[in-house]
Amino acid sequence: MASTPLIDPAVIALACGYPYAFAGCSYLFEGGEQRPLPVLTPALLEGRVPVIACGSNRSPEQLARKFADWPLPLAIPVLCGALEGFDVVHSAHFTRYGALPATLCPAPGAAVDIAVQWLTETELDRMDATEGIGVNYDRRRLDGITLRIEGLGMIGAADAYLSRRGVLTRDGAPIAFESIACAGRIWPALDQRAVLELARDRLAPGTALDGFIHRIVMDQEYRAEITAVLARDALARA
């Protein structure tokens, strides 16, 4: 009889912890950690591209992973904001670490809490590389939006990572993120563990959740196979 593979609790925690801790305040990501934001001046944002962070990219924990080996001085302003006419929902794909990640979806009457990172071109190249551009996400310019930013006011355009795989649904409706506040939310919301259980029930009924997550993380071929199944049943991307 084949032995059951050992499951590292840290693997499960990383998958189920998405989108990770976010204090809900603007900050400067510097020296690999969250630091107080200096006085907001035009010089602080000059030469930087505003990029909406709607999921784990809001979190200093995730930024620390993505820029762990960054050789250059790093000081990324991350500003809190609210994006009108959208909600943050689950994309119909699995990350390499086992989560069902975030994407934006138009939602009339809603206003969702997001963050906006202000990235240099080289920082943006690194972020693109971590987002699976052309496979799981596209980075697109959103024009004509209503995006209110703490300490800055309203801006009408920003880049955003939008899922190429479409939006995960339950009973035909998108599934919002329970951990992300949204005024006027029109769809049901689940936490990450609950949405993984939903996917497990659909894709591998009867399998223990930890074993399901472990296989997604450790078996790239299986991850691609079940992502394709989710994507076939997804709502079209925004």
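The values are calculated or read from the model by the stated rules, or taken from the named source; none is laboratory data. It should be emphasised that the depicted structure is a prediction, and the values quoted were computed from it without experimental measurement. Heads up, the Cβs are rebuilt from the backbone with ideal geometry, glycines too, and the neighbour counts pull from every protein chain shown. Surface accessibility is based on the protein's heavy atoms, side chains included, excluding ligands, DNA and RNA. Shrake-Rupley method; radii C 1.70, N 1.55, O 1.52, S 1.80 Å.
In this structure, does LEU14 turn out to be among the hydrophobic types (A, V, I, L, M, F, W, C), surrounded by fewer than 20 Cβ atoms within 10 Å (Cβ to Cβ) and in contact with a strand residue (DSSP E or B) (Cβ under 7 Å, 6 or more places away or on another chain)? In short, no.
Tallying residues that are more than 10 Å from the chain's Cα centre (by Cα), part of a loop (DSSP other than H, G, I, E, B) and either within 12 Å of PRO19 (Cβ to Cβ) or modelled with pLDDT of 95 or more (or both) within region 50-94 yields 4. Restricting attention to region 171-196, which residues are part of a loop (DSSP other than H, G, I, E, B), small (Gly, Ala, Ser) and open to solvent by 50 Å² or more (accessible area, probe 1.4 Å)? Once the filter is applied, which keeps residues that are part of a loop (DSSP other than H, G, I, E, B), small (Gly, Ala, Ser) and open to solvent by 50 Å² or more (accessible area, probe 1.4 Å), region 171-196 yields GLY172, SER179, ALA181. The set of residues in region 120-145 that are surrounded by 13 or more Cβ atoms within 10 Å (Cβ to Cβ) and part of a helix (DSSP H, G or I) comprises GLU123, LEU124, ARG126, MET127, ASP128, THR130. Here ARG223 clears all of (1) under 21 Å from the mean Cα position of the chain (by Cα); (2) within 30 Å of GLY109 (Cα to Cα); (3) open to solvent by 30 Å² or more (accessible area, probe 1.4 Å) except the condition numbered (2).
The lone criterion from (1) in a helix (DSSP H, G or I); (2) surrounded by fewer than 20 Cβ atoms within 10 Å (Cβ to Cβ) left unmet by ALA199 is number (2). When restricted to residues that are closer than 15 Å to ARG232 by Cα and of a type outside the set (S, T, N, Q), region 145-170 contains 6.
Right, ARG140: in contact with a helix residue (DSSP H, G or I) (Cβ under 9 Å, 6 or more places away or on another chain), of a type in the set (Lys, Arg) and modelled with pLDDT of 95 or more or not? Judged against the criteria, ARG140 is not a match. Restricting attention to region 95-119, the residues being of a type outside the set (D, E, K, R), more than 17 Å from VAL167 (Cα to Cα) and open to solvent by 10 Å² or more (accessible area, probe 1.4 Å) number 4.
Among the conditions (1) among the acidic types (Asp, Glu); (2) touching a residue at least 40 places away in the same chain (Cβ under 8 Å); (3) within 23 Å of MET154 (Cα to Cα); (4) open to solvent by 30 Å² or more (accessible area, probe 1.4 Å), the only one that GLU61 does not satisfy is (3). Residue check: ALA234 meets all listed conditions (1) open to solvent by 40 Å² or more (accessible area, probe 1.4 Å); (2) over 19 Å from GLY85 (Cβ atoms); (3) in contact with a Lys or Arg (Cβ under 8 Å, 6 or more places away or on another chain) but one, namely (1). Scanning region 154-170 for residues that are open to solvent by 30 Å² or more (accessible area, probe 1.4 Å) and in a strand (DSSP E or B) gives MET154, ILE155, GLY156, ARG170.
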